[in-house]
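> This is the structure, below, for whatever I ask next.
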Amino acid sequence: MNNILRLAVQKSGRLSEGSMELIKSCGINVSNGIGKLKAKASNFPIEFFFLRDDDIPGYVADGVADIGIVGENVVVEKDKSVAIVHRLGFSRCRLSIALAKSANYNGPQDLNGKGIATSYPKLLEKFLAENGVNAEVHEISGSVEIAPSIGLAEAVCDIVSSGSTLFTNGLKEVETIFQSEAVLIANENISVEKKDIIEKLLFRIKSLQQAKNNKYILLNAPESNVEEIKSILPGMRSPTVVPLANKGWVSIHSVINENDFWEKIESLKAAGAEGILVVPIEKMIL
Ligand code: ATP
Ligand code: ZN
């Protein structure tokens, strides 16, 4: 059907939960029964294909799916013709090179002549070429971290988030070669109708991301300090100022950004704010 957007998501793995949570938070209802390969949303023109993450860039490039949610590491490694439409901020991880804990490492040159096991040969080859390193890349599809202990290679190049898997396998991280997060990718020749649906989906995703980065703030202050407090709190337009029953006092409501949150709170206190409440925002539409 032409006006249903086909979205490829990982069937089961480290992206699945984040992908389906994002969809649910966008108000899209879908029941992905265990083992099902396809599902339709009941209240949005979208159909889901549940696939292995490695296959998602290829399916989107070939137009079997219109869009996909996948790790940027896989998008770059697969090198298919797809557009990265939006960064999604979950499944953050890095691709790193690791060596035995006891190995000496002073820089990429120390990898010369070594065998490196990885599931990301393209990303690794690029790093090696950029650093003029001559190493032997062994491509394996999983359990890369055991390669040194079974004598397959001296080094590994693998996905890391906390580093605990490397540590328990007697390895230490020596170089980060790529930083990744989940991204929304799209086919490069998409119809106007489908572009419209993507725009609607993106609008919802962005309002969730905005909400996460901002907090609603309520505080009380003497009326005489309103101007000073207003200059600290620009808000979406300007703050809401409501009189309190207690004469000469007002309640001020506004939105503040997560990035400079504590600096703002300190300035507000210095400007006479009291009874400050900070509340999470569910959605934010600008
Ligand atoms: P599949 O069976 O679908 O091929 P997989 O085993 O290849 O799955 P996962 O381990 O589920 O893949 O990882 C999927 C993606 O999640 C990775 O490509 C990466 O972008 C991200 N990821 C991997 N490990 C982590 C981690 N420890 N923390 C956060 N994100 C991660
Ligand atoms: Zn995979």
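> Leaving ligands, DNA and RNA out of it, rank 9, 82, 76 by accessible area with a 1.4 Å probe, largest first.
Numbers: 9 0, 82 20, 76 60 Å².
I get 76, 82, 9, largest accessible area first.
> Turning to a different aspect of this structure: Applying the Karplus parametrisation 6.51 cos²θ - 1.76 cosθ + 1.60 with θ = phi - 60° to the phi angles of the range 134-143, what ³J(HN,Hα) value in whole Hz is obtained for each residue in order, glycine and proline being reported as x?
Once θ is set to phi - 60°, the couplings for the range 134-143 become 9, 10, 9, 8, 9, 7, 10, 8, x, 6 Hz.
> Could you tell me the calculated FRET efficiency between residue 196 and residue 259, based on Cβ-Cβ distance and R0 = 41 angstrom, to the nearest 0.05? Could the numbers behind the result be given before it?
On the way: r = 33 Å, r/R0 = 0.79.
Here the calculated transfer efficiency is 0.80.
> What FRET efficiency do you get for residue 114 and residue 90 if R0 is 25 Å and r is their Cβ-Cβ distance, rounded to the nearest 0.05?
Once the sixth-power term is evaluated, E becomes 0.15.
> For residue 11, which sequence-distant residues (separation of 5 or more, or a different chain) have an amide H within less than 5 Å of its own amide H, given hydrogens modelled in the peptide plane?
Correct list: 51, 52, 53.
> Rounding to the nearest 20 debye, state how big the charge dipole of the range 194-286 is about its Cα centre with +1 on each Lys and Arg Cβ and -1 on each Asp and Glu Cβ.
Computed charge dipole of the range 194-286: roughly 600 debye.
> Turning to a different aspect of this structure: Ignoring everything except DSSP H segments at least 4 long, calculate the 222 nm mean residue ellipticity for the chain; use -39,500 (n - 2.57) per segment, divide by total residues, nearest 500.
-8000 deg cm²/dmol
> Sticking with this one: Checking the a/c ratio against 1.5 first, then a/b against b/c, what shape does the Cα gyration tensor give for the range 93-180?
Verdict is rounded for the range 93-180.
> Taking 8 Å as the Cα distance limit and 6 or more residues as the minimum spacing, I'd like the relative contact order of the range 66-213 as a percentage.
Relative CO of the range 66-213 lands at 41 percent.
> Filter the GluC sites (Glu not before Pro) in the range 204-286 to those in DSSP coil with at most 14 other Cβ atoms within 10 Å of their Cβ, and list the result.
258, 282
> Once label points are set 7 Å from the Cα along Cα→Cβ at both residue 14 and residue 40, what is their separation, rounded to one decimal in nm?
3.5
> Toward the positive end of the charge dipole of the range 195-239, about the Cα centre and with charges on Cβ (Lys, Arg +1; Asp, Glu -1), which of 208, 225, 197 goes farthest?
197
> What residues qualify as long-range amide H neighbours of residue 65, i.e. H under 5 Å apart, gap of 5 or more or another chain, H built at 1.01 Å from N?
Under 5 Å from the amide H of residue 65 lie the amide H atoms of 60, each far enough along the sequence or on another chain.
> Moving on to the next point. Exactly which trypsin sites (Lys or Arg not before Pro) in the range 1-72 are in a DSSP loop and have at most 16 other Cβ atoms within 10 Å?
Working: sites: 6, 11, 14, 24, 36, 38, 40, 52; in loops: 11, 14, 36, 52.
When the trypsin sites (Lys or Arg not before Pro) of the range 1-72 are filtered for loop state and at most 16 Cβ neighbours within 10 Å, 14, 36, 52 remain.
> How large is the charge dipole for the chain, taken about the Cα centre, if only the Cβ atoms of Lys, Arg (+1) and Asp, Glu (-1) carry charge, to the nearest 20 debye?
940
> Can you compute the modelled spin-label distance between residue 146 and residue 279, with each label point 7 Å from Cα toward Cβ, in nm?
Taking the simple label geometry, residue 146 and residue 279 are separated by 5.3 nm.
The values are calculated or read from the model by the stated rules, or taken from the named source; none is laboratory data. Keep in mind that what you see is a predicted model, and the values were worked out from it rather than measured. FYI the Cβ positions are ideal-geometry reconstructions off the backbone, even for glycines, and counts take in every protein chain you see. Quick note on the areas: whole protein, heavy atoms, side chains included, nothing else; ligands and nucleic acids left out. Shrake-Rupley method; radii C 1.70, N 1.55, O 1.52, S 1.80 Å.
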